[in-house]
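What follows is a short report on a single structure.
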Amino acid sequence: MLPLIQRNLKLFFRNRAGVFFSLLGALISFVLFIIFLKANMLDSWKQLQHPARMLDLWVIGGTLAVTGITTTLSALSRMASDSERHVYEDLILTGLSRLKIQISYIVSATIIGTALQVVLYLIMIFYFNKVDGIQIQWSISLQLFIVAILSSFSAALLNFVLVFFMNSVDTVGKFSSIVGAMSGFLVGTYIPVGVLPEFAQNLVKLTPGAYVASIYRQLLMHDILKNINTNVLDDLKKKLGVGITLNGHLTTLGQNMAIVVCVTLALLLVVVIINIRYQRKQKVSME
């Protein structure tokens, strides 16, 4: 299975245009913030200490969440490509089980999603350090790396379930374009979650990416938020999506982590069920 994972990684990173377009959704949110959103949002929070740094950290969290979604989906297009070109059948002939082949796609996508999140994180930190003097402790960066692995794995599982039912690379490509455009809204990067209409906010709550973005923001913005007056803190968290409102209360870091872990386990179970049902269907057709 390891050679297959290596093969998937080589094929992905060899296609430089594909790597760029997988990052495009995240890059758009980053660039839009710098050019358009930052100045307007600074006016809204100018009464706070270091509002520019706070917003820089806010957009980093959202951009990382978008990266995990779009890059894992792009990586899993390899599965659709192999199926369309009948490479999948050739892989079966090597003696690998279907489950192991599918796991190799998920693991490859997880590695790709994590690696590209790290790359984009370093780029953003470098830029904001030069512009606003942003500095992040190594201990926080390590925690962010762990979250990047979890978010990439969760996104890879979800995208696997979706791509599994797509029969062509063209379909996956069109779907990726839609996801790339929507992901910035779903994690509250293009527009802060609290500014969205109530229906849109409820839709955001149904997507795991929103909770991943909230985890990133809570880790990154912790030191700044603890110095903010409690009278405006809850309103700020709600509007910026630092916490997600559930049952009238904002979620904590631990609650967000629990939600993402539970969703990941549920998706893992779905993947196993899909594989079992597919194998049964294949046996029936052969009989």
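Just so you know, all these numbers are worked out from the coordinates, no wet-lab data involved. All values derive from a computational prediction rather than experimental measurement. So basically every Cβ, Gly included, is an ideal-geometry build from the backbone, and we count neighbours across all protein chains shown.
Over the chain, Cα pairs under 8 Å with separation of 6+ residues give a relative contact order of 24 percent. Computed over the chain, the Cα gyration tensor eigenvalues convert (square root of 5λ each) into semi-axes of 37, 19, 16 Å, ordered from largest to smallest. Highest mean packing first, where packing is the average number of other Cβ atoms within 10 Å per residue, the peptides 45-57, 163-175 line up as 45-57, 163-175. For the chain, lysine pairs separated by 8 or more sequence positions, or belonging to different chains, with Cα-Cα distances below 20 Å total 18. Helix 138-163 and the longest principal axis of the C-alpha atoms of the chain enclose an angle of approximately 40°. Could you give the angle, 0 to 90 degrees to the nearest 10, between helix 169-186's Cα long axis and the longest principal axis of the Cα atoms of the chain? So the helix axis and the longest Cα principal axis differ by about 20 degrees. To the nearest 10 degrees, how steep is helix 2-14 against the longest Cα principal axis of the chain, on a 0 to 90 scale? Computed tilt is about 60 degrees. Packing order of peptides 30-42, 110-122, highest average first: 110-122, 30-42 (average count of other Cβ atoms within 10 Å over each peptide's residues). Among the trypsin sites (Lys or Arg not before Pro) in segment 224-274, those located in a DSSP loop and surrounded by at most 16 other Cβ atoms within 10 Å of their own Cβ are Lys226. Placing +1 on each Lys and Arg Cβ and -1 on each Asp and Glu Cβ, with no other charges, gives the chain a dipole about its Cα centre of roughly 380 debye.
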